[in-house]
Structure formats: structure tokens, C-alpha cells
Amino acid sequence: MFSLKITDEAKKNFYESFGRTEESVDDDVTIIKEWMKTQPHLPELMEDVKIKNFLSLNKFSLEKTKEKIDMYYTIRALIPDFFAESNPKSDLIRRVFDQMYMAIFPTLVDGVTRVYLAKGKSPSSMHPFELTNLWYDVYELRLSEDFMIDEILIFDVDSFALNDVKKLTPMYMSKFFAVYKKVYAIRMKKLIIMNCPSFFSVIATILKAVLPPKLFERVEFCPDDSAVKRLFPKKVLPKDYGGEGPSLEEMNEMLKAKLAEHQDRFDKLDAMRVDERLRPEKLSNDDILGYYGSFKKLDVD
């Protein structure tokens with residue numbers, strides 16, 4: 001079993017970079033919880049640890065934190081194909097684990113940066129919407145256990161076939177990154193696409209079209225697996241890449257076990273919906289999905 005934790009010192013340093021202390025953040029949590037009590041459409045009173053993560057991801061802006069918390073609950077109905085079958089017990093999630101490796105590195109880069117790695121087990125095993133259901137399960141884990149500062153996403157596309165690339169449509173990628181930035185507000189330090197075949201230039205073109213320039217600058221296309229080897233020492237690097245750490249298959253099993261620890265939460269999420277009839281005022285940021293606005297207008301940290 002692995003733990004999604006950072007050190008108390010790293011958390012303290014992060015708070016101090018925004019002029020915050022543990023006590024002042026607790027005060028912010030109280031303010032957010034009191035606000036949530038005035039929002040009858042929201043289905044629950046969020047746990048303190050999750051509120052702290054939303055505060056940190058939104059640079060302790062109370063108003064932005066309120067928006068993101070509202071959207072955290074609202075988005076499940078707005079984009080059901082990203083969440084409808086995300087329960088770890090679902091056939092879809094089981095199928096994703098059978099077809100892909102999804103690894104979370106227990107070791108943080110520079111003590112603060114969480115790293116994920118996704119890789120298909122065989123050609124044509126990549127199904128973006130199915131993987132996204134699992135991806136947001138991981139964020140649910142992090143909201144409950146981790147202290148979310150920033151992250152690096154790695155896609156090993158060694159097994160990608162041309163047919164897989166066709167599944168990564170501009171609409172899918174626009175929706176994925178819209179939710180990623182405007183609901184979870186996560187700071188993506190880098191997106192690494194490694195072991196790229198030549199036909200992946202198509203994906204580069206699509207990403208450049210849908211991402212804000214500042215975010216696209218963080219995308220790295222790597223022809224081999226050197227990118228992951230630069231991030232981790234040999235003792236942490238998965239065996240699949242010549243390291244001494246757990247294999248991708250073992251890390252897959254670790255993630256399954258971690259999700260199972262939170263099964264009660266995922267069962268509750270299945271039934272959890274915002275009651276729009278009780279919303280005090282119209283949703284103010286309903287353009288996040290690109291239906292009413294341009295994704296390139298997103299603010300990027």
C-alpha cells in the first residue's frame with residue numbers, strides 16, 4: 001500500500017508562499033463551510049481536507065474556491081460521459097485496468113510534485129473517455145488524502161496505433177482540459193508524451209489548437225523513455241524502464257487497492273447530484289465546457 005502525503009514542512013512552505021499559516025487556512029475553511037450551508041442545491045458539506053485542497057489550488061481565493069467547489073458537484077451531471085461509470089466497481093473501470101496501466105508515483109518530484117503515468121497494454125487499447133473516468137477517480141483520492149500543489153502527467157504511447165490517435169478528437173481534449181483546469185484548477189507542471197511515433201504530430205497540432213499557449217509550452221514530446229528516467233532515481237523508476245521500483249503492473253494493483261479503500265465515497269458519489277431547483281443564483285461560470293466560451297480564455301498558472 002502507498003500513501004499520498006507530502007511532508008509537513010513542504011505544506012508549511014507552500015502556505016507561507018501565499019502568506020498563510022495553518023491557523024489562517026483553518027479560518028478560511030470555516031468561511032467556506034458557512035457559505036456551503038447557504039447553498040441548498042449542494043448535496044453535502046465538504047470535508048475539511050478537501051476544502052483545504054481547493055483553497056490551495058485556487059491560491060486561497062475564497063471566491064474562486066467557492067466556484068470550484070460548486071462545479072465539483074455540478075460537473076458530474078454536465079459531462080456524464082466523464083463520470084457516469086467512474087465507480088471503481090464498474091465494468092468500465094475494470095476494463096480500463098485490464099487494458100491500460102495507470103500508475104501514481106508514491107515518490108514526489110522535488111518533494112511537492114505528484115507524477116502519474118498512463119500506458120496502453122496493447123495497440124488499440126486506448127479509450128479516452130474510459131480512461132478519463134479513472135483519471136478523475138484519482139483526483140478524488142488526492143482530494144481526500146493528498147495535498148495538491150502541482151503535477152506532471154506522463155503518457156507512454158509506445159503501444160499506440162494510428163486508430164488510437166483518431167480517438168483523441170479536439171472535442172474530447174477540449175473537454176478534458178476544461179474540466180482539468182476550471183473544475184479542479186490543478187497546476188500542470190508538465191505534460192510528457194513519450195515514446196512518440198511519427199504520426200503523433202497530429203496530436204501536437206490538436207493540442208496546440210485547443211490549449212492556451214502558456215499551457216502548450218509545458219507539453220513535451222519525447223521519442224523515447226528518457227523523460228521519465230530524468231524525473232526519478234533508479235531505485236524509484238519502474239522496472240519497465242530499467243529501474244528497481246515497482247513494475248507498472250504492480251503500480252496498477254496498488255492503485256486498485258487504494259481506490260478500494262475509498263469505495264464508500266465512490267458509492268456516495270454515484271447518487272450525489274446538485275438540485276438545480278434550489279440553486280440560489282444562476283451558475284456564473286457555465287462557459288467552462290466551451291459551449292459558451294473559448295477554452296483558450298482559461299487562466300493558466
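The set of residues in the range 238-280 that are in a helix (DSSP H, G or I), among the basic types (Lys, Arg) and farther than 22 Å from residue 93 by Cβ comprises 239, 277.
Taking (1) under 20 Å from residue 247 (Cα atoms); (2) touching a Phe, Trp or Tyr at 6+ places or on another chain (Cβ under 8 Å); (3) assigned to a helix (DSSP H, G or I); (4) at pLDDT below 90 in turn, residue 138 satisfies each apart from (4).
Pull up the range 210-229, narrow it to residues that are under 25 Å from residue 180 (Cα atoms) and assigned to a helix (DSSP H, G or I), then point me to the one that is modelled with the lowest pLDDT. Per the criteria, the residue is 210. Taken over the range 83-129, the criterion of being crowded, with 21+ Cβ neighbours inside 10 Å and assigned to a helix (DSSP H, G or I) is satisfied by 93, 96. Among the residues of the range 178-202, those that are over 20 Å from the mean Cα position of the chain (by Cα) and either within 16 Å of residue 57 (Cβ to Cβ) or modelled with pLDDT under 85 (or both) comprise 198, 199, 200, 201, 202. Of the candidates 172, 116, 101, 72, the single residue that is assigned by TED's automatic domain parsing to the domain that holds residue 12 and either at pLDDT 85 or above or aromatic (Phe, Trp, Tyr) (or both) is 72.
The values are calculated or read from the model by the stated rules, or taken from the named source; none is laboratory data. Treat the numbers as computed from the prediction; the structure is a model and nothing was measured. Cβ atoms come from the backbone with ideal geometry, glycine included; neighbour counts cover every protein chain shown.
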